[in-house]
Amino acid sequence: MKHGLLVLLALTVLVGCGPTKSTSQTSDGATLSESQRLNQWLDGEFETYLDFSPMSKTRLGDKSDYDKLDDPSDAAADARLAWRRVSVASLKAEFDRNALEPEAKRSYDLWVFMLDRAEASLPYRRHEYVFGRNGPHTGLPNALINYHKVDSASDMQAYIARLKASAGYFDAYLNRAKLAAAAGIRAPYFDYDVAMSQIQRVTRGAPFTGEGTSALWADITAKVDALVLAESITTVEAEALKAEAKTAILQSMEPAYDRINAWLEADRDSVPDTATGAWALPEGAAFYAYRLKQMTTLPLTAEAIHQTGLDEVTRIQAEMNAIRKSVGFEGSLQDFFTHLRTSDEFYFENTDEGRERYLQLARDFISGIEAKLPDYFGILPKGPLEVRRVEAFREQAGGAAHYMRGTKDGSRPGVFYAHLADMQAMSIFRLENLAYHEGLPGHHLQIAIQQELEGLPQFRTYHGYTAFSEGWGLYSEWLGKEMGFYQDPYRDFGRLTGEIWRAIRLVVDTGIHAKGWTEAEAIDYALTNSPRPAPTVKSEIRRYFNMPGQATAYKVGMLEIQRIRGKAEAALKDRFDIRDFHDQILGSGPLPMPVLEQKIDEWIAASL
């Protein structure tokens, strides 16, 4: 809160003084072009933006403000928005857009676009479910364990300072949840149950309660012990650090978890045991329309998205039927789905050995496609990639795999995470396309390239758009077929399983949030039209209740990238080069879909 008040004071000074001119010369006296000057100015603004989020700095590998947590309060959000308004006003006053080069014009437009998105979100501040699937109750320990690197005693002191600050951090989120509840906005019943279960897992074991060691304490002791091994501290200093960390956990973090858990238990009685979509929230229809635009970056209606999903399900099922016949299965497509769900041959055993076999097969798929990347991409990532199981305290049976970005310098790898609590929810035939989506040429390739791009202002190497990133991930699954993979028909069926699931998402997300579908109706539609295991389907449908509109971005983004590629192929004919096209798609970082199409149109014109 102190940080937020300081920023508000600084903003007051900025507004009072008006915008200041940035330098038009380098340190050696050379004159900067308008585009270079803009990039320099935007980098300075991005540094100010990061001052609002110490935890974002940590994810980027920046250790400034290493002892602080983000301020989740409304006051801090207001300060950030006020700063954005001043920043965009300064941008328009200082720079002549017409004098900028094409890439700099995109930077200019995107900086304004980000303010527009922030303004659009303002009426729906209370609509975000705080303690949902990925709330701060698991987000903070995850950030400390996976992002807070400890190379010195001062780094560990910063870790401990963050433990001490966790009480205020959690209380601010709890206050937001209470304000939302007072406004008639509550998460579905299962989010309450999941959040309380996750808190129990975070706080199970030393130094909290019960037997064993908590994941957080295991991380603390490992990092402190590593300092001893590196001879950075003595054993006496190590014990002192551990004692201080334990006190911070027991006096700050644990009581805050208790307050959250107590409120969840009490407020759970106010939540019906049937989930409803966004339509049931205050201003629900307008909120869902806002979410669809935020997620897809396109002016699409719920009805149009729903129909696209139905059409795509029909088209993909025709391809599935062709594979069903090719493997000699004589039953219906739904019978084939049941066969794939229930036959042991399609799943590894539910043991640690089975889990390791799953992870290793994913690594093998990624290694195989990596060798062919130079045939399809001119720009390749430098950052390393790892495949891991999700940590036990945040793992969910049937939970969706996901990617977490590494650092630009490669000191922290990008990670493809898989939920392996229930191996019957993790089919082998789907793993190839999942590896391409989360790893290569999907999220890791796209995000690592984004971070490593030179010549762009830093904000463009950090921020993203769901339709672009998830659309690229799904496009990458499809591209794997073009690159010569999915040689096994069941794995090719797994590719179609991944694609039809994203088409099903268009149907069920709009069904839930615009048409009033129940949880049971959404689950039934998904099970009828895909071979996904029932635990995965249930988990996924609950995710869509939790995050209105997000599930639509995958298929919408893929279809847009495919459509734009088709336009380029038709215009360029023999001049079309797939490597150049992919470099154009990825070479400017993530873009809203209309901006991406405009860029490709410019590339086509230049190529002709």
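Which of the residue pairs LYS408/LYS555; LYS293/LYS555; LYS178/LYS246 have a Cα-Cα distance greater than 19 Å in the structure shown? Too far apart for the 19 Å limit: LYS408/LYS555; LYS178/LYS246. Once the chain from GLU349 to ASP269 is taken as fully extended at 0.36 nm per residue, the excess over their C-alpha distance is 24.9 nm.
The simple Förster model, with R0 at 60 Å and r as the Cβ-Cβ distance, assigns GLN157 and ALA93 a FRET efficiency of 0.90.
Taking a point 7 angstrom from the Cα of THR48 along the C-beta vector, which residues in the stretch 78-105 have backbone N less than 16 Å away? Counting only backbone N, you get 78-95. Stretched out straight at 0.36 nm per residue, the stretch from GLU239 to ALA285 would grow longer than its current Cα-Cα span by 11.0 nm.
Percent of C-alpha pairs per 10 Å bin in the stretch 82-168, short distances first: 13, 25, 22, 29, 11, 0. Debye-formula intensities of the stretch 381-525, expressed as log10 I(q)/I(0) at q = 0.12, 0.14, 0.16, 0.18 Å⁻¹, are -0.58, -0.78, -0.99, -1.17 (one equal scatterer per alpha-carbon, no solvent). A simple spin-label model places pseudo-atoms 7 Å from Cα toward Cβ; at ARG575 and HIS463 they are separated by 3.3 nm. Taking 18 Å as the straight-line reach from the Cα of LYS599, the lysines in range (excluding those fewer than 8 positions away in the same chain) are LYS105, LYS567.
Listed values [x] 1.45; [y] 1.40; [z] 0.99 include one computed from this model; for Cα Rg over 2.2 N^0.38 Å that value carries the label [z]. Placing +1 on the Cβ of every Lys and Arg and -1 on the Cβ of every Asp and Glu, with nothing else charged, gives the stretch 28-92 a dipole about its Cα centre of roughly 200 debye. Taking the Cα centre of the chain as reference, the dipole from Cβ charges on Lys and Arg (+1) and Asp and Glu (-1) amounts to some 860 debye. I'd like the GluC sites (Glu not before Pro) in the stretch 295-401 restricted to DSSP loop residues with at most 14 other Cβ atoms within 10 Å, sorted by number. Listed in order of number, the matching sites are GLU330, GLU349. Length gained on full extension, ARG563 to ALA118: 157.3 nm, using 0.36 nm per residue less the C-alpha separation. Considering helices alone, the calculated mean residue ellipticity of the chain at 222 nm is -20500 deg cm²/dmol, with DSSP H runs of length four and up weighted by -39500 (n - 2.57) and normalised per residue.
On a C-alpha basis, how far is the centre of the stretch 375-433 from the centre of the stretch 127-197 in Å? Whole number, if you could? With the stretch 375-433 and the stretch 127-197 each reduced to a Cα centre, they are spaced 23 Å.
Loop-located chymotrypsin sites (Phe, Trp or Tyr not before Pro) in the stretch 104-202 (DSSP state not H, G, I, E or B) with no more than 11 neighbouring Cβ atoms inside 10 Å do not occur.
A simple spin-label model places pseudo-atoms 7 Å from Cα toward Cβ; at GLU452 and LEU229 they are separated by 2.8 nm.
Quick note: the coordinates plus some simple rules give every number you see, no bench work behind them. Computed from a predicted model, the values in this text were never measured in an experiment. Cβ atoms come from the backbone with ideal geometry, glycine included; neighbour counts cover every protein chain shown.
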